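Data first, discussion second: the structure below is written as structure tokens.
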Amino acid sequence: MNSIIHILQTQGNDILSSIGQHITISLVSLLIAAVIAIPLAIILMNHKRAAEVILQITSVLQTIPSLALLGILIPIVGIGTVPSVIALVLYAVMPIFQNTYSGLTTIDPNLEEAAEAFGLSRTKKLVKIEIPLAMPMIISGLRIAMVMIIGTATLAALIGAGGLGTYILLGIETNNNALLIIGAVFSAVLALIFSAAIKGISKLSLRKIGIIFTAVVVLMGGYFGYRTVAQPKVSITIAGKMGSEPEILINMYKDLIENDHPNMKVSTKPNFGGTSFLFKALKSGSIDIYPEFTGTVLESLVKTNKSASHDPKATYQLAKKLLKEQEDLDYLKPMKYENGYALVVKKSFAKKYNLKTVSDLVGVEGKIHAGFDPDFYQLKDGYPGISKAYNLEFASAKTMESSIRYKAIANGKVNLVDGYTTDPQIKEYNLVALKDNKEFFPPYQGAPLVSEKLITKYPELKTTLSKLAGKISEEDMQKMNYQVAVKHEKASKVAHDYLVKHNLLKGD
Amino acid sequence: MIEFKNVYKKYQGNQAISDLNLTINDGDFFVLVGPSGSGKTTTLKMINRLIKQTSGEILIDGKDIDSLDLQEMRLNMGYVLQNIALFPNMTIEENITIQPESLKWSKDVRHKVAMDLLEKVGLAPEYAQRFPRELSGGEQQRVGIIRALSSNPKVVLMDEPFSALDPISRNQLQELVLKLHKEMKMTFIFVTHDMNEALRLGNTIAIMRLGHLEQVGTRDEIIHNPKNNFVDGFFKNQHNDDKKIKLIIDSQNCQGVDKQDADLSEEDNVSDLARVLENKKFALIESSDEKVWKLTTQNLLSYLARDGESNE
């Protein structure tokens with residue numbers, strides 16, 4: 001509870017802007033869906049066959065899992081707000097269409113007969129009688145759609161459209177329940193508020209509804225129009241993966257670029273999505289820069305038949321060469337720290353047995369009770385490999401969910417776990433990562449991945465971003481991750497403080 | 001003048017109307033009466049083309065209705081439905097003036113029409129802004145009737161408009177349509193299955209059976225010169241339950257109660273009492289000397305039992 005309040009205090013503005021994004025995406029989707037579904041139902045109200053076909057189609061759309069739908073849309077329309085809105089519209093069309101259609105077709109036949117017998121025109125009958133009588137059903141369709149949209153819109157965060165889903169994903173990713181609760185509770189509250197608002201609107205006359213509808217459309221149009229017009233001349237978009245570390249890094253990039261080049265405006269998109277989303281976004285030009293790990297490049301972004309080298313320099317060189325050849329991307333120089341696998345023990349334990357490197361474990365292997373992430377336990381690059389490389393045989397090794405293994409070691413249930421070298425928990429629980437002195441684990445060094453086009457156009461960016469090359473140690477990163485992920489300090493502030501402290505910003 | 005010339009109507013091979021020839025004069029109160037399935041409602045709905053005849057011609061003032069503009073024709077024709085069918089989303093005034101609005105009459109004129117008509121049927125002006133659900137069934141059908149009169153049509157079609165009402169309301173509304181007919185000089189074409197209602201209202205009565213016209217004539221002609229056994233029987237059958245509740249009160253030791261709102265008057269028919277007792281334990285009957293009597297199902301049964309004896 002305390003951490004929720006703390007996050008709300010420190011990140012209030014970010015949360016507000018997420019709520020804004022969430023509302024915008026949801027309202028735009030609802031309006032578009034309504035503009036499609038309601039007229040369609042009106043046109044088809046006297047064509048039962050065609051209406052049933054449409055109902056079938058929309059029901060099928062409904063059954064496509066939202067994630068799959070987003071996946072299908074990315075190659076067609078890219079990432080960001082557009083595919084999210086398209087997906088949400090596809091989902092929302094069905095409840096609105098179905099309710100409008102059944103509202104219009106279940107009107108008391110006596111009333112239809114009366115309207116007919118009084119000689120009302122088709123339009124008059126529709127406007128004066130059918131739509132008002134179907135209104136409660138139409139409204140309930142809109143409410144169902146709205147609640148669904150607000151819920152589903154949390155997935156928009158996966159493809160970089162922002163919104164409250166960012167907090168939910170981040171919460172899951174970093175095992176931070178407070179963030180998860182914030183995302184979930186706010187989206188639930190939004191759903192309730194909008195559902196109530198639509199109910200309120202339904203009590204107004206048709207004309208007033210028209211006025212409100214037009215006003216919303218005009219306001220949104222104006223907002224987007226303004227945003228398009230107000231874009232500065234040179235604008236650079238930097239995105240980052242989920243979590244605190246990429247967010248800190250992209251804020252550093254932003255500070256450095258804006259400090260060196262006052263004519264450039266950098267917008268950051270933290271927690272933009274997973275690796276493949278970001279990579280696609282970079283290639284499609286939706287974003288210009290994002291930090292990527294050398295190991296990840298070789299593992300999943302480029303085609304290579306060479307087996308992974310365990311030498312960080314060779315790894316970087318190969319990654320840079322292949323990215324250039326295959327994808328025409330520029331991979332700038334990496335930072336110092338490596339965010340790779342590590343074996344982690346308590347500081348007190350390390351001190352007692354004088355442990356500094358993984359090789360030092362050999363003497364005490366009979367005392368080691370390890371807890372490993374299931375992946376690490378099985379992967380060739382994980383426990384099986386390292387026990388072979390260092391000839392280690394632990395007294396016991398069990399698998400546990402990655403989120404609880406740090407708690408397990410902190411509580412003394414185990415005395416060695418796997419982890420990543422920059423995990424904030426290492427600092428939080430007073431642990432230490434043993435040095436991989438035989439360089440068994442594949443190296444994961446972070447470096448800015450930039451589109452070739454941007455670098456050709458602004459070659460000076462290379463110098464600016466290379467200021468971080470060879471900087472930031474594992475301990476620095478651990479500490480900064482700890483400040484952001486555990487202490488909930490603002491990533492931009494933590495990043496700025498680091499740059500100032502290390503004299504990387506001139507005149508500051 | 002409305003004329004049916006050799007009109008046939010088939011529904012999926014079934015003959016609903018066969019060879020109908022009929023003339024309805026301007027200003028007449030014309031009642032179509034017959035048991036269910038006789039084709040009376042079909043006949044009525046063919047006049048405003050809600051139902052299209054299979055063959056034959058229907059003429060209004062000598063013009064084939066198929067040649068008229070459908071919307072224009074309907075806008076100038078009143079229509080009252082059996083189940084009233086006021087539009088629940090509109091106020092009473094909006095309901096009444098729906099045809100004038102389509103005819104693009106000015107707002108002031110429409111308002112005046114609504115007020116005049118409300119007054120004619122004894123509804124206070126404040127009813128104008130109420131919604132149908134706030135009115136009793138009898139009140140709603142009053143509105144249903146004046147809605148059909150609002151565009152000052154030459155012809156008003158009424159499809160069993162009172163069959164869903166309680167006997168008292170029915171009585172009052174029958175009075176009302178007679179009065180309106182006298183005042184407004186329109187042609188009323190009225191469908192009913194109730195011979196008593198037909199005899200009470202109609203200047204001209206057409207008796208139908210199984211899609212055929214059995215007899216058309218004035219009230220006196222029907223009563224005194226029934227053309228065949230069916231007409232005679234239909235008239236007599238219904239006339240049989242023309243016995244007044246007064247007979248029960250007079251013949252039995254009924255329980256008198258304090259004066260209060262009664263369900264029926266002693267002048268109503270025994271069949272009306274039976275209808276009320278279907279849903280209630282007892283019925284309150286007001287007699288002409290302003291006493292109120294409580295009649296139970298037992299009273300009705302004893303009366304019927306003795307009535308049967310005396311008939312034998």
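The values are calculated or read from the model by the stated rules, or taken from the named source; none is laboratory data. Just so it is clear, the structure is predicted and the values come from calculations on it, not from any experiment. With ideal geometry, Cβ positions are generated from the backbone for all residues, glycine too; neighbour counts draw on all protein chains shown.
Listing for the model above:
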{"read-out": "Matching residues, segment B:81-100, being hydrophobic (A, V, I, L, M, F, W, C), in contact with a Pro (Cβ under 9 Å, 6 or more places away or on another chain) and either more than 7 Å from chain A (Cβ to nearest Cβ) or without any contact (Cβ under 8 Å) to a residue 12 or more places away in the chain (or both)", "value": "B:I84, B:L86, B:M90, B:I92"}
{"read-out": "Selection status of B:F29, at pLDDT 90 or above, in contact with a His (Cβ under 6 Å, 6 or more places away or on another chain) and either surrounded by 17 or more Cβ atoms within 10 Å (Cβ to Cβ) or within 14 Å of chain A (Cβ to nearest Cβ) (or both)", "value": "yes"}
{"read-out": "Scope segment A:114-161; condition within 9 Å of chain B (Cβ to nearest Cβ) and assigned to a helix (DSSP H, G or I); matching residues", "value": "A:A114, A:A115, A:E116, A:A117, A:K124, A:K128, A:I129, A:P132, A:L133, A:M135"}
{"read-out": "Any hit, segment A:31-43, residues being closer than 30 Å to B:V80 by Cβ and in contact (Cβ under 8 Å) with a residue 24 or more places away in the chain", "value": "yes"}
{"read-out": "Residue that is touching a residue at least 24 places away in the same chain (Cβ under 8 Å), over 16 Å from A:T275 (Cα atoms) and aromatic (F, W, Y), where the choices are A:Y331, A:Y341", "value": "A:Y341"}
{"read-out": "So A:S3, is it within 20 Å of the chain's Cα centre (by Cα) and either farther than 30 Å from A:N177 by Cα or touching a residue at least 40 places away in the same chain (Cβ under 8 Å) (or both)", "value": "no"}
{"read-out": "Breaking point among (1) in the same structural domain as A:G419 (by TED's automatic domain parsing); (2) under 27 Å from A:P384 (Cβ atoms), for A:S348", "value": "(2)"}
{"read-out": "Qualifying residues in segment A:233-272 (those that are under 12 Å from the mean Cα position of the chain (by Cα) and of a type in the set (A, V, I, L, M)) - the one modelled with the highest pLDDT", "value": "A:A239"}
{"read-out": "Selection within segment B:183-227 - touching a Pro at 6+ places or on another chain (Cβ under 8 Å) and not aliphatic (A, V, I, L, M)", "value": "B:F190, B:H193, B:R209, B:Q215"}
{"read-out": "Some residue of segment B:59-80 being within 10 Å of chain A (Cβ to nearest Cβ), within 30 Å of B:D232 (Cα to Cα) and in contact (Cβ under 8 Å) with a residue 60 or more places away in the chain", "value": "yes"}
{"read-out": "Positions within segment B:14-42 being among the polar types (S, T, N, Q) and under 14 Å from B:V216 (Cα atoms), in sequence order", "value": "B:N21, B:T23, B:N25"}
{"read-out": "Filtered residues of segment A:325-347 (kept if closer than 30 Å to A:K407 by Cα, among the hydrophobic types (A, V, I, L, M, F, W, C) and outside any strand (DSSP E or B))", "value": "A:M335"}
{"read-out": "Strands (runs of 3 or more DSSP E) fully within segment B:1-80 counting 3 or more residues that are assigned by TED's automatic domain parsing to the domain that holds B:L201 and touching a Ser or Thr at 6+ places or on another chain (Cβ under 9 Å)", "value": "B:2-11, B:14-24, B:29-33"}
{"read-out": "Check on B:S36, surrounded by fewer than 17 Cβ atoms within 10 Å (Cβ to Cβ) and in contact with a His (Cβ under 9 Å, 6 or more places away or on another chain)", "value": "yes"}
{"read-out": "Leading residue by the ranking (surrounded by the most Cβ atoms within 10 Å (Cβ to Cβ)) among those in segment A:74-95 that are touching a strand residue (DSSP E or B) at 6+ places or on another chain (Cβ under 8 Å) and either assigned to a helix (DSSP H, G or I) or among the aromatic types (F, W, Y) (or both)", "value": "A:S84"}
{"read-out": "Looking only at segment A:148-199, and only at residues there that are of a type in the set (F, W, Y) and in contact with a Leu (Cβ under 7 Å, 6 or more places away or on another chain), the one that is surrounded by the fewest Cβ atoms within 10 Å (Cβ to Cβ)", "value": "A:F186"}
{"read-out": "Among (1) surrounded by 17 or more Cβ atoms within 10 Å (Cβ to Cβ); (2) farther than 25 Å from A:E173 by Cβ; (3) hydrophobic (A, V, I, L, M, F, W, C), the one test that A:V344 misses", "value": "(2)"}
{"read-out": "Hey, B:T43 buried (at least 17 other Cβ atoms within 10 Å of the Cβ), away from chain A (no Cβ under 14 Å), on the phi < 0 side of the Ramachandran plot and in contact (Cβ under 8 Å) with a residue 40 or more places away in the chain or not", "value": "yes"}
{"read-out": "Any hit, segment A:96-106, residues being within 14 Å of chain B (Cβ to nearest Cβ), in contact with a helix residue (DSSP H, G or I) (Cβ under 6 Å, 6 or more places away or on another chain) and in a helix (DSSP H, G or I)", "value": "yes"}
{"read-out": "Pair list, Cβ < 8 Å and 6+ apart or interchain, from segment A:45-65 residues that are under 18 Å from A:I138 (Cα atoms) to residues that are of a type in the set (D, E)", "value": "A:M45/A:E130"}
{"read-out": "Condition met for B:D220 (in the same structural domain as B:M77 (by TED's automatic domain parsing) and in a helix (DSSP H, G or I))", "value": "yes"}
{"read-out": "Helices (runs of 4 or more DSSP H) fully within segment A:359-473 counting 1 or more residues that are buried (at least 16 other Cβ atoms within 10 Å of the Cβ) and hydroxyl-bearing (S, T, Y)", "value": "A:374-378, A:383-389, A:402-410, A:460-466"}
{"read-out": "Residue within segment B:119-140 that is within 20 Å of the chain's Cα centre (by Cα), among the β-branched types (V, I, T), over 29 Å from B:L70 (Cα atoms) and buried (at least 20 other Cβ atoms within 10 Å of the Cβ) present", "value": "yes"}
{"read-out": "B:Q141 vs. criteria within 11 Å of another protein chain (Cβ to nearest Cβ) and polar (S, T, N, Q)", "value": "no"}
{"read-out": "Checklist (1) in contact with a Leu (Cβ under 8 Å, 6 or more places away or on another chain); (2) modelled with pLDDT of 95 or more applied to B:N21, failing item", "value": "(2)"}
